[in-house]
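Notes to accompany the following structure.
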Amino acid sequence: MSDFATAAFVDADGDGYVDTEWVDVNGDGYSDQENYDTNGDGYVDTEWVDVTGDGVADQENYDTNGDGRTDVTYNDLNGDGYVDETLVDLNGDGVADYSEGPFAV
């Protein structure tokens, strides 16, 4: 185990833009955040975050329309590996317009 945060950047298609980024914030050797540019436009389309450090995503964020902003968020609120809450921003203002789960708007 290291005391330092590490990051790895991958340009899988050789276009000069990072396609995948892995970040180990707490130095335990496991990824705490992963970012993916799945369509090659230079913006993160998918973000995976492990807040609890157990190797399971506690939050997943998706940019479904390619505008560079999160449109859909899935949260695992109790750490059991299953989605407990879904938030959807339908109009792109950064605020959930639709939610499913215990804190539904």
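The values are calculated or read from the model by the stated rules, or taken from the named source; none is laboratory data. Predicted model only: the values in this text are computed from it and were never measured. As a convention, Cβ positions derive from the backbone with ideal geometry for all residues, glycine included, and neighbour counts pool all protein chains shown.
Observations, loosely collected:
- Some residue of the range 57-74 being aliphatic (A, V, I, L, M), under 14 Å from residue 46 (Cα atoms) and assigned to a loop (DSSP other than H, G, I, E, B): yes
- Tally of residues being out of contact with any strand residue (DSSP E or B) (no Cβ under 6 Å at 6 or more places or on another chain) and at pLDDT below 90 across the range 39-63: 11
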